[in-house]
Amino acid sequence: MAESPPLRRVGGVLHCGSHGLDELAQTHGTPLYVYCADRIMDRLETLREAFADLENGLRPAPAAGAARPDPAPGFLVAYSVKANPNLAVLELLARAGAGADIVSGGELYRARRAGVPAGRIVFTGVGKSRDELRQGIEAGIMSFHVESAQELDALGALAAGMGAVAPVAVRVNPDVHSPTHEFTSTGHANAKFGVSPDEAHALYRRVAEHRALRAVGVDVHIGSQIRDPAPFLRALGVVLRVENRARRELGVDLRYVDLGGGFGISDGAGGGLDVRALGGAVVARLRGRGLSLVLEPGRFLVGDAGVLIASVLYVKDSGGKTFVVTDAGMTELIRPSHYGGVHEVSLVREDGRAPVKRVDIVGPVCEQGDFLARDRRLPLPNPGALLCVHQAGAYGFAMASNYNSRPRPAEVLVRGDSVALARRREDYDDLVRGETDD
Ligand code: LLP
């Protein structure tokens, strides 16, 4: 599929809005990340529509000026910053009313700088340091998604010492298997994430007895790039049982359920999750329970809104294979080699004349595992041709590295007719910044 959203082919050239990818590459060089703002906004809207019925059925957002921590609104999309933490992307989403799901002090810093209100920030992660917990308390975030008894104790002690009350949601490990890559499957019992339903109950008891902690929600996240609604619904069932038991046995009144992220998108390996079907089923289960819903999508919002443009350096035949060597590789996009990610790849300019061949598209990095795609049918490009690697808006630049002393690429955000340089290309000075050479 050479024209997966949000791109269109105009005169044989892939365009994001009114901008040809060839023109963007000419102006900004390659490798280059291009993000289409309109697509990000469309995806946010799609998600809100899929869960639209909630606003009526759920507990409304309390009046402005309510005591901190800010209570959750009826339905909150807390964008998972790790997917694409660029400030321009965060600002776009913050302006559209999204919150943030963060996993580090650095992400808290980014989210706050981009204008995400603290009352819409949830802090997840198995290993938050005490410093990071303190920063979250100081900022007055919506909730800490606690993943162990020791973390809960650390948070309680810190909050008490600061004269604060820390809002808590326990992250439950629902022991749900999700069909995705083993590295991105987080909801089975032997994953490092969350605590069992029984332990979650014990933690809510501890929260109830602690003067510096307050239970506000229950949280689960079962993995990433999941295309089937069923595991999400199984996980929801588990956390609703935890919520119900905490209310009945401990009198704990939770305000929200956080179902995490992980909503799969369409890529070279298959179709995306039907979020309408998931939304309908979740709404039906939540109806009448007085609980708000939080979601933490990353890839769903930004994944197919971003592409990576690479230039072809050389084409060579070797060992019965044809290799297309490009100026982008695992340093720019590690997903193909690390997670078996299958990104669609197409020529930026197609004239229908080149013979289609089966090729490996590889990068310049000195690793045999450095590839963008393998055994892919592609019109055979000449050196200098531009390739578009699709579905690269999530976990693309975010996971880029300087390995082989390669400066990281530029990022641009296209919005309507305007193109903003969201991050300039790194130079050699950037590579050695912070190092000492005397
Ligand atoms: N919430 C939590 C607690 C998470 O750990 C994650 C992702 C998300 C939300 C967002 O998941 P998403 O909606 O983007 O699937 N680097 C891997 C994906 C790692 C996901 C890590 N956690 C990849 O490139 O496939």
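State the antiparallel share, in %, of DSSP beta bridges confined to the chain, rounding to the nearest 5. Don't skip to the answer; put the middle values down first.
Values: 36 of 72 bridges.
Taking every DSSP beta bridge within the chain, about 50 percent pair in antiparallel fashion.
Which of 256, 164, 382 sits closest to the plus end of the dipole of the chain, meaning its Cα is farthest towards the positive end, when Lys and Arg get +1 and Asp and Glu get -1 on the C-beta? The listed residue farthest towards the positive side: 256.
Working note: 222 nm ellipticity from helices only, DSSP H runs with n ≥ 4, each -39,500 (n - 2.57), summed and divided by the residues of the chain, gives -8500 deg cm²/dmol to the nearest 500.
The H on the amide N of residue 412, modeled in the peptide plane, is under 5 Å from the matching H of 33, 34, 35, 422, each at least 5 residues off or on a different chain. Mean sequence separation of contacting Cα pairs (under 8 Å, at least six apart), scaled by the length of segment 300-394, corresponds to a relative contact order of 43 percent. Peptide packing for 372-380, 74-82 was compared via the average number of neighbouring C-beta atoms within 10 Å per residue; ordered from the highest value, the list is 74-82, 372-380.
Phi-derived couplings, Karplus 6.51 cos²θ - 1.76 cosθ + 1.60 at θ = phi - 60°, listed residue by residue for segment 347-359: 6, 4, 10, 10, 10, x, 9, 6, x, 7, 10, 8, 9 Hz, with x used for Gly and Pro. The mean sequence distance of close C-alpha pairs (under 8 Å, at least 6 residues apart), as a share of the length of the chain, puts its relative contact order at 19 percent. Taking a ≥ b ≥ c as the square roots of the Cα gyration tensor eigenvalues, with a/c under 1.5 meaning rounded and otherwise prolate when a/b beats b/c, else oblate, which class fits segment 347-438? Cα axes put segment 347-438 in the oblate bin. Charges were assigned to the Cβ only: +1 to each Lys and Arg, -1 to each Asp and Glu. The resulting dipole of the chain about its Cα centre is roughly 1020 debye. Cross-link partners for residue 192 among the lysines, with Cα-Cα distance under 28 Å and sequence neighbours closer than 8 places in the same chain left out: 82, 128.
The relative contact order of segment 99-250 comes to 20 percent, based on Cα pairs under 8 Å that sit 6 or more residues apart. Using the Cβ-Cβ distance between residue 432 and residue 126 with R0 = 22 Å, the FRET efficiency computed as 1/(1 + (r/R0)^6) comes to roughly 0.10.
Cβ-to-Cβ counts within 10 Å put 142, 162, 330 in ascending order as 162, 330, 142, the fewest first.
By the beta-carbon count within 10 Å of each Cβ, the least crowded to most crowded order of 323, 300, fewest first, is 323, 300.
Once the Cα-Cα distance is subtracted from the 0.36 nm per residue extended length, the residue 323 to residue 285 segment shows a gain of 8.6 nm.
Shape verdict for the chain, please, from the Cα gyration tensor: rounded (a/c under 1.5), prolate (a/b greater than b/c) or oblate. Because a/c hits 1.5 or more and a/b exceeds b/c, the chain counts as prolate.
With θ taken as phi - 60° and the Karplus curve 6.51 cos²θ - 1.76 cosθ + 1.60 applied, the whole-hertz 3J(HN,Hα) list for segment 138-153 is 4, 6, x, 5, 5, 6, 9, 8, 7, 10, 7, 5, 5, 5, 4, 5 Hz, x standing for glycine and proline. Relative to the longest principal axis of the C-alpha atoms of the chain, give the angle of the C-alpha long axis of helix 37-50, reported between 0 and 90° and rounded to the nearest 10°. Approximately 40 degrees, to the nearest 10.
The lysines within cross-link reach of residue 357, meaning a Cα-to-Cα straight distance under 16 Å and a gap of 8 or more places when in the same chain, are 316, 321.
Of the listed peptides 165-175, 27-37, what is their order by residue-averaged count of other C-beta atoms within 10 Å, with the highest listed first? Kindly include the intermediate steps, with their values, before the conclusion.
On the way: 165-175: 25.9, 27-37: 22.8.
With the highest mean Cβ count within 10 Å placed first, the list reads 165-175, 27-37.
Exposure proxy ranking for 301, 236, 308, based on other Cβ atoms within 10 angstrom of each Cβ and starting from the fewest, stands as 236, 308, 301. For segment 203-213, the Karplus equation 6.51 cos²θ - 1.76 cosθ + 1.60, evaluated at θ = phi - 60°, returns couplings of 5, 5, 4, 4, 4, 4, 8, 9, 6, 9, 10 Hz by residue, with Gly and Pro reported as x. In this structure, the amide hydrogen of residue 258, modeled 1.01 Å from its nitrogen in the peptide plane, lies closer than 5 angstrom to those of 218, 219, 220, 294, counting only residues at least 5 positions away or on a different chain.
Within segment 178-310, antiparallel bridges make up roughly 20 percent of the DSSP beta bridges whose residues both belong there.
Taken together, the values in this text are just the output of simple stated rules run on the coordinates, not laboratory data. Treat the numbers as computed from the prediction; the structure is a model and nothing was measured. Note that we place each Cβ from the backbone using ideal geometry, even for glycine, and neighbour counts take in every protein chain shown.
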